[in-house]
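Novice: Quick one: the structure is below, and I'll ask about it shortly.
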Amino acid sequence: MSEINLDTVKHVANLARIEIQDEKAAEAFTEELAKIVDYAHLLDEVDLSSTTPMFHAVDLKNVMREDTEHAPLSQEEALSNAKSVKDGQFKVPKML
Amino acid sequence: MNIHELTVEALYEKIQSKEIKPSEIVGALFDRIEASDETIGSFLFLNKEDALKQAQALDQLQEEDRMDGPLFGIPMGIKDNICTKDILTTCASRMLEDFRPVYDATVMEKLNDSNAILMGKQNMDEFAMGGSTENSYFKNVRNPWDTNAVPGGSSGGSAAAVAAGYVPFSLGSDTGGSVRQPAAFCGVVGMKPTYGRVSRYGLVAFASSLDQIGPITRNVRDNAKILELISGTHNKDATSVPDLDADFLKGIDKDLTGMKIALPKEFIGEGISTEVEESVKKAAETFRSLGATVEEVSIPHTKYVVSAYYLIASSEASSNLARFDGIRYGYKAEGAETLEEHYKKTRAEGFGPEVKRRILLGTFVLSAGHYDQHYIRAQKLRGVIEKEMKDLFNEYDLILGPTAPTPAYNIGEKSDDQLEMYKDDILTIPANLTGMPALSIPSGLSGSGRPIGLQLIGDHFDEQKIYNAAFKFEEQFNLHEELKQLKLEVR
């Protein structure tokens, strides 16, 4: 049985803050994701016990830059793409 | 003289010798785009007014013999996930339908400083997720070679525009093959540089440890020239590598005698179409006739790269795309009562189905209980592939193979089965997982007249060797004349 079922998809969608419109859409995602995750289990047949994970392609360490002053974005620029602005700030719906 | 047939280098010479004005080039190319891009669909936005204005200013400088910049007067098209200051950058997503960046990507700074002219922003799979450009929120792209065929993806608009003669070069981005595979499908040249060669600052992030920006051109020399110009570090991309030599045109025509090329048997095995396999074998013969040796080798873990890639890329995507909250920029859903509802509705309405699938997959892979099982094991597999390829580079100069298992398929043919489409990325993914540079060049035409792409993979920072081999190959086989004959009509 697949690790992916309807409840997993709903749980993950909640974590990702994506509303799934209806039960039918949730079922479709479940089917599609189950197929992909089942396929990924191909990796199970590889012995990786003595391998270290490779998180990055190029081994760069401690990249530093001079800590110098520079002009930041203006408030106007920073807000220029926002749909909802009030008193020079991003406006959002209530949190609770 | 047909302006749309000219390469970057040819255009540059004609501008320098004052045979032609930048405004004439730009005018002729906009005429061509407006005549047929309604069919092809390669551009999402045309920068016409500004491009004509800039061209006229360059006309004036040309007259005064002040033609500064290595791309003085050369038109370009840019994939719509590369930030252009004040100019729409949509990622072909409803989420960013009206987004205007407040800064230029590093590559745009460099190209603008070179006096290249931005013609417009190019269509793509939404957020670069896809292999056929059928995931664009706005419209499909048709392949200029056969308008029933997909152009490949995700940089489908960028490759189609170069093949169609709309621009002499485009920039795309490549996370799992998104520059090379559309270049192969459209019969043009596409490079995914070594990870870190080109600054990613201003490229809308998909999978940060895999993404690279790369050029798409009609020939190998133009490609080398554009990569030289966009290479380089930026202090806002800490993964871009400083102080690299990027002089790819030097020695590009060097004799190939003594070059050792590896042909992994997994790259021409199961799942690869006969036409593609034959084209690669013929290319191997061509390389032998040029003095190189080509030997069959093995990259035993090739069959696992698709699994590893989709686990890693989706994980990184789920994290990167968390920024689209509908607050600071982008689409905002109406009618939400609370902040949480606002996020959920905005992301449900703003993202298309493929983007959601990948975010959900990535969120699953990174969630408690699955991280070690999937994410860590995928990263381990990545290390295994890198070691297998690095071992080959101890003995060989380049790795040869096809770019894609088949030539371009028909629009709609595969769009219902994501997994089958994912599996098609098996040949391009290894270069992204390992960070190695890889180029696609045309190596043949299928029976139905669709281009076949050949891939050359190099060791880290060995782009020069790739360009050398590709240039010599191109002298023996190219599609330059065929590209000039393309009709751009719906059949």
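The values are calculated or read from the model by the stated rules, or taken from the named source; none is laboratory data. Model, not experiment: these values are computed from the prediction. So basically every Cβ, Gly included, is an ideal-geometry build from the backbone, and we count neighbours across all protein chains shown. Note: accessible area is taken over every heavy atom of the protein model, side chains too, but ligands, DNA and RNA are not part of it. Shrake-Rupley method; radii C 1.70, N 1.55, O 1.52, S 1.80 Å.
Novice: Just to confirm my numbers, what's the Cα centroid distance between the range B:472-486 and the range A:11-41 in Å?
Specialist: 45 Å
Novice: Given H placed on each backbone N at 1.01 Å, which residues far from B:GLY453 in sequence or on other chains put an amide H within less than 5 Å of it?
Specialist: Answer set, sorted by chain and number: B:THR403, B:ALA404, B:SER443.
Novice: ³J(HN,Hα) across the range B:341-346 via Karplus (A = 6.51, B = -1.76, C = 1.60, θ = phi - 60°), whole Hz, x for Gly/Pro?
Specialist: Using θ = phi - 60°, the values come out as 5, 4, 4, 5, 6, 4 Hz.
Novice: Mind checking A:23-35 for the average number of partner chain beta-carbons within 10 Å of each residue's beta-carbon? Mind dumping the intermediate values first?
Specialist: Working: counts 0, 0, 3, 0, 0, 2, 5, 1, 0, 9, 7, 0, 4.
Going residue by residue through A:23-35 and averaging, the value is 2.
Novice: Mind grabbing the accessible area of B:ILE299 for me, 1.4 Å probe, Å², rounded to tens?
Specialist: Approximately 0 Å² of B:ILE299 is accessible to the 1.4 Å probe.
Novice: Projecting each Cα onto the charge dipole of the protein assembly as shown (Lys/Arg +1, Asp/Glu -1 at the beta carbon, about the Cα centre), which of B:VAL276, B:THR89, B:ALA336 comes out farthest on the positive side?
Specialist: Checking the options against the dipole of the protein assembly as shown, the answer is B:ALA336.
Novice: To continue, here is another question. Treating only the Cβ atoms of Lys and Arg (+1) and Asp and Glu (-1) as charged, compute the dipole magnitude of chain A about its Cα centre; round to the nearest 20 debye.
Specialist: On the way: 10 positive and 19 negative charges, 117 e Å.
My answer is approximately 560 debye.
Novice: If you place +1 on the Cβ of every Lys and Arg and -1 on the Cβ of every Asp and Glu, how big does the dipole about the Cα centre of the range B:314-444 come out, in debye to the nearest 20?
Specialist: Value, rounded to 20: 340 debye.
Novice: Charges on Cβ only, +1 for Lys and Arg, -1 for Asp and Glu, centred on the Cα centroid of chain A; of A:ILE4, A:GLY88, A:LEU15, which one is farthest towards the dipole's positive end?
Specialist: A:GLY88
Novice: May I ask you to order B:242-251, B:363-372, B:275-284 by the average number of other C-beta atoms within 10 Å around their residues, highest value first?
Specialist: Values: B:242-251: 13.4, B:363-372: 16.7, B:275-284: 19.7.
The most tightly packed comes first, giving B:275-284, B:363-372, B:242-251.
Novice: To the nearest µm²/s, what D does Stokes-Einstein give for the range B:3-150 at 4 °C and 1.567 mPa s, using the Kirkwood radius over alpha carbon pairs as Rh? Working shown, then result.
Specialist: On the way: Rh = 16.1 Å.
Result for D is 81 µm²/s.
Novice: Take the Cβ-Cβ distance between B:LEU52 and B:GLU9 as r, set R0 to 35 Å, and report the resulting FRET efficiency rounded to the nearest 0.05. Each step should come with its number before you reach the end.
Specialist: Values: r = 24 Å, r/R0 = 0.67.
Efficiency computed from Cβ-Cβ geometry: 0.90.
Novice: Taking the DSSP beta bridges in the protein assembly as shown as the whole, what percent of them are antiparallel, to the nearest 5?
Specialist: Working: 33 of 49 bridges.
That works out to approximately 65 percent antiparallel.
Novice: Of B:PRO70, A:VAL37, B:GLY214, whose Cα points farthest to the positive end of the dipole of the protein assembly as shown (charges on the beta-carbon: +1 Lys, Arg; -1 Asp, Glu; origin at the Cα centre)?
Specialist: It is A:VAL37, whose Cα lies furthest towards the positive end.
Novice: Sort out the exposed loop trypsin sites (Lys or Arg not before Pro) in chain A (DSSP loop, at most 10 other Cβ within 10 Å) and tell me the longest stretch that has none.
Specialist: Working: sites that count: A:LYS61, A:ARG65.
In chain A, the maximal stretch lacking such sites is A:1-60.
Novice: Among B:102-113, B:191-202, how do they line up by average Cβ neighbours within 10 Å per residue, starting with the highest?
Specialist: Working: B:102-113: 21.0, B:191-202: 26.7.
The packing order, highest mean first, is B:191-202, B:102-113.
Novice: How high is the relative contact order of chain B, given as a whole-number percent (alpha carbon pairs under 8 Å, six or more residues apart)? Display every interim value, and only then the final one.
Specialist: Values: 1136 pairs, mean separation 87.3, N = 491.
18 percent.
Novice: Averaged per residue, what accessible area in Å² does chain B show with a 1.4 Å probe, protein chains only?
Specialist: Numbers: 16010 Å² over 491 residues.
Accessible area per residue, chain B: 33 Å².
Novice: Continuing with this model, one more query. Give the residue list of chymotrypsin sites (Phe, Trp or Tyr not before Pro) in the range B:443-485 that are DSSP loop and have at most 16 other beta-carbon atoms within 10 angstrom. Could the numbers behind the result be given before it?
Specialist: Working: sites: B:PHE461, B:TYR467, B:PHE471, B:PHE473, B:PHE477; in loops: B:PHE461, B:PHE477.
Sites meeting the loop and neighbour criteria: B:PHE477.
Novice: For B:GLN122, what residues show an amide H to amide H distance below 5 Å, using hydrogens built from the backbone and excluding near sequence neighbours?
Specialist: Amide H to amide H, under 5 Å and 5 or more residues apart or across chains, B:GLN122 pairs with B:LEU44, B:ILE78, B:LYS79, B:ASP80.
Novice: Of all alpha-carbon pairs in the protein assembly as shown, indicate the percentage at a distance above 46 angstrom. Working shown, then result.
Specialist: Details: 19042 of 171991 pairs.
Result for the distance tail: 11 percent.
Novice: Ratio of Rg to Rh for the range B:258-326, alpha carbon only, Kirkwood? Walk me through the numbers before you get to the answer.
Specialist: On the way: Rg = 18.3 Å, Rh = 14.9 Å.
My calculation of the ratio gives 1.23.
Novice: Rounded, prolate or oblate: which fits the range A:1-83, taking a ≥ b ≥ c as square roots of the Cα gyration tensor eigenvalues, rounded meaning a/c under 1.5, else prolate when a/b beats b/c? Before the final figure, lay out each step's value.
Specialist: Numbers: a/c = 4.70, a/b = 1.32, b/c = 3.55.
Since a/c reaches 1.5 but b/c is at least a/b, the shape of the range A:1-83 is classed as oblate.
Novice: Under a Cβ-only charge scheme (Lys and Arg +1, Asp and Glu -1), can you give me the dipole magnitude of chain B about the Cα centre, in debye to the nearest 20?
Specialist: Computed about the Cα centre, the dipole is about 680 debye.
Novice: Can you tell me how the range B:120-192 classifies by the Cα gyration tensor, rounded, prolate or oblate, using a/c under 1.5 as the rounded cut?
Specialist: Working: a/c = 1.32, a/b = 1.08, b/c = 1.21.
The shape class here is rounded.
Novice: I would also like to ask the following. Return the equivalent ellipsoid semi-axes of chain B as a descending list in whole Å, where each equals the square root of 5 times an eigenvalue of the C-alpha gyration tensor. Let's see the in-between values first.
Specialist: Details: eigenvalues 188, 179, 87 Å².
With the √(5λ) rule applied to chain B, the semi-axes are 31, 30, 21 Å.
Novice: Straight-line reach only, C-alpha to C-alpha below 20 angstrom: list the lysines that A:LYS94 could link to, leaving out same-chain residues fewer than 8 apart.
Specialist: A:LYS83, A:LYS86, B:LYS332, B:LYS344, B:LYS345
Novice: Do the sum for the protein assembly as shown: with -39,500 (n - 2.57) for every DSSP H run of n ≥ 4, divided by all residues, what is the mean residue ellipticity at 222 nm, to the nearest 500 deg cm²/dmol? Intermediate results must be reported in sequence, preceding the final value.
Specialist: Numbers: 19 runs with 218 residues, N = 587.
Result for the protein assembly as shown, helices only: -11500 deg cm²/dmol.
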